[in-house]
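Each remark here refers to the structure printed beneath this line.
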Amino acid sequence: KGQLELLFGPNGVLAFGLTGQLLSWPGKIRAGIGALVGHARPTPITKDETIREWVTRILGEEVFLRCIDPFVSGVYAGNPETLSMGAALSKIARIERYSYEIEWNKFGAIFYGGLARQVELTKERKADPPES
């Protein structure tokens, strides 16, 4: 219940994303397309993207400037234009890899990669529950 409430609740991510004033409507639409529809796979795949390159490719420039840049600058005390996405935010980069492994997800929408990862984690926890 807690995870669903975090997403769909009155103070959840969707309510904030749709009614919040942080992003303009074009910025919200661009981020939604990147998260739910997908994007072109990066060329070359082996290139180590910076956080800025990754976020602007997936979610758009506005999300980077208003959300990610202040967050990364504050948490990592570094420049997101030079920090490696794979090194600094490896779990999020892994979600993108999961998204491309889903056969029907041709454009690698990261939302579905996150769902696939969550299903995998749930199976792992059920197979090996913590001791009480």
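Of note:
- Overall, the anisotropy analysis places the chain in the rounded class: the square-rooted eigenvalues a ≥ b ≥ c of its C-alpha gyration tensor yield a/c less than 1.5.
- The magnitude of the dipole of the chain, with charges of +1 and -1 set on the Cβ of Lys/Arg and Asp/Glu and taken from the Cα centre, is near 240 debye.
- Portion, in percent, of the accessible area of the chain that falls on carbon or sulfur, probe 1.4 Å: 63
- Subtracting the Cα-Cα distance of residue 18 and residue 102 from 0.36 nm times their residue separation leaves 27.5 nm of extension gain.
- Net charge, residue 94 excluded, C-beta distance under 15 Å - Lys, Arg +1, Asp, Glu -1: -3
- Placing a label point 7 Å from the Cα of residue 111 along the Cα-to-Cβ line, the residues of the range 6-42 whose backbone N sits under 14 Å from it are 7-8, 13-18, 28-39.
- Remark: the range 90-100, residue by residue, has Karplus-estimated 3J(HN,Hα) of 5, 5, 6, 4, 5, 4, 5, 4, 4, 5, 6 Hz, where x stands for each Gly or Pro and the curve is 6.51 cos²θ - 1.76 cosθ + 1.60 at θ = phi - 60°.
- Basic side chains Lys and Arg get +1 at the Cβ, acidic Asp and Glu get -1 at the Cβ, and with that the dipole of the range 86-132 about its Cα centre reaches some 120 debye.
- The trypsin sites (Lys or Arg not before Pro) of the range 95-132 that DSSP puts in a loop, and whose beta carbon has at most 12 other beta carbons within 10 Å, are 106.
- Distance between the modelled labels on residue 73 and residue 124, one decimal in nanometres: 3.4 nm (7 Å Cα→Cβ projection).
- Highest-MSF residue in the chain out of 28, 91, 47 [GNM, Cα springs under 10 Å]: 47
- Scanning residues 5 or more positions from residue 50 or on other chains, those with amide H under 5 Å from its amide H are 85, with H placed 1.01 Å from N in the peptide plane.
- Working note: Karplus 6.51/-1.76/1.60 with θ = phi - 60° gives the range 23-39 the couplings 10, 6, 4, x, x, 5, 5, 4, 5, x, 5, x, 7, 9, 9, x, 7 Hz, where Gly and Pro are set to x.
- When the square roots of the Cα gyration tensor eigenvalues are ordered a ≥ b ≥ c, the ratio a/c for the range 68-132 is 1.5 or more and a/b does not exceed b/c, which makes its shape oblate.
- Accessible solvent surface per residue of the chain, calculated while the other protein chains remain in place, 1.4 angstrom probe, Å²: 68
The values are calculated or read from the model by the stated rules, or taken from the named source; none is laboratory data. Since we're looking at a predicted model, the values are computed, not measured. Cβ: placed from backbone, ideal geometry, glycine included. Neighbour counts: every protein chain shown. Quick note on the areas: whole protein, heavy atoms, side chains included, nothing else; ligands and nucleic acids left out. Shrake-Rupley method; radii C 1.70, N 1.55, O 1.52, S 1.80 Å.
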